[in-house]
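The values are calculated or read from the model by the stated rules, or taken from the named source; none is laboratory data. Everything numeric here is computed off the predicted structure, so don't read it as measured data. As a convention, Cβ positions derive from the backbone with ideal geometry for all residues, glycine included, and neighbour counts pool all protein chains shown.
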């Protein structure tokens, strides 16, 4: 996805979300596309996975989003010795009452930072599976609902870093979007240094909305219109990932639904009540690339999922609507 295409798609932003973006920009400088991706995932009722090196602002991004939206923020620092109960919570016997009481873990937050997820064991990673999919956790046979809204932004270090465990396909499939932040430009980094000489902007950041607004926006995203031709376009793109010679494991039907939800959220953020083909093309790399597993021959030849997916997008004909998409 080129910056130029992003600029065209978001040449205007929904009037209710523009103050949200501007508020987050006080803390996160020069990463407008990343801010939009996080908001799109939030609007689509999904979760984000950011793979990047330490120190590029992943934690500040989540804190700024939480403060701006007036949401309860929780952070889970994943380490090799972390246990599943350290994430979900644990039942403790109360000697006075004679019953077991459930003590909630840090997963019980409205916006949760799952920091360095791939530094913990696969057993502890799996503690997130039910939470990400069902917005609930089960401990000692009892199911506990998570707050609403519930949004997880997980971070992981590149898999060639020491002490990392690659996330399994089932875990990756639970994340709506995956992307990177990247290093700032020299100009943006200079602006950051100047702004933080005395204090950090996060310390004075104030909410501009509340969690109830997120629920209203999500309902309106579900009402965004999608032309039947675009539904076929989505099915065609996802279907070709299952038959491509370089792909051993293609995208699942869950990926088709994820692409639809993301395209709708992108349209809503752009201030439209209908989806256009560019919404689908914009969303596809972030929704599908991390769900694909390439063949051994493709990996050996130096191919990666993003380039294979780009070739698929170029091959699938863009539908032409007889009338306006709206």
In segment 21-61, which residue that is over 17 Å from the mean Cα position of the chain (by Cα) and assigned to a helix (DSSP H, G or I) is nearest to residue 192 (Cα to Cα)? 25
Criterion (farther than 26 Å from residue 216 by Cα, in contact with a helix residue (DSSP H, G or I) (Cβ under 6 Å, 6 or more places away or on another chain), assigned by TED's automatic domain parsing to the domain that holds residue 66 and assigned to a strand (DSSP E or B)) met by exactly one of 155, 164, 138: 155
May I ask you to list the residues in segment 283-301 that are assigned to a loop (DSSP other than H, G, I, E, B) and either crowded, with 24+ Cβ neighbours inside 10 Å or at pLDDT below 90 (or both)? 292, 301
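Residue check: is residue 215 surrounded by fewer than 14 Cβ atoms within 10 Å (Cβ to Cβ), within 26 Å of residue 275 (Cα to Cα) and in contact (Cβ under 8 Å) with a residue 24 or more places away in the chain?
Details: surrounded by fewer than 14 Cβ atoms within 10 Å (Cβ to Cβ): yes; within 26 Å of residue 275 (Cα to Cα): yes; in contact (Cβ under 8 Å) with a residue 24 or more places away in the chain: yes.
Judged against the criteria, residue 215 is a match.
In segment 229-282, which residue that is touching a strand residue (DSSP E or B) at 6+ places or on another chain (Cβ under 8 Å) and in a helix (DSSP H, G or I) is farthest from residue 320 (Cα to Cα)?
Kept after step one, since they are touching a strand residue (DSSP E or B) at 6+ places or on another chain (Cβ under 8 Å), are these residues of segment 229-282: 241, 246-249, 262, 267, 273-275.
Applying the additional criterion that residues be in a helix (DSSP H, G or I) yields 241, 262, 267.
Numbers: 241: 22, 262: 21, 267: 18 Å.
Selected residue: 241.
For (1) exposed (fewer than 15 other Cβ atoms within 10 Å of the Cβ); (2) modelled with pLDDT of 90 or more; (3) within 19 Å of residue 266 (Cα to Cα); (4) not assigned by TED's automatic domain parsing to the domain that holds residue 306, each residue gets a yes or a no:
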| position | (1), (2), (3), (4) |
| --- | --- |
| 4 | yes, no, yes, yes |
| 19 | yes, yes, yes, yes |
| 42 | no, yes, yes, yes |
| 49 | no, yes, yes, yes |
| 73 | no, yes, no, yes |
| 84 | no, yes, no, yes |
| 104 | no, yes, no, yes |
| 107 | no, yes, no, yes |
When you go through 221, 226 one by one, which is the residue that is closer than 30 Å to residue 130 by Cβ, in contact (Cβ under 8 Å) with a residue 40 or more places away in the chain and within 19 Å of the chain's Cα centre (by Cα)? 221
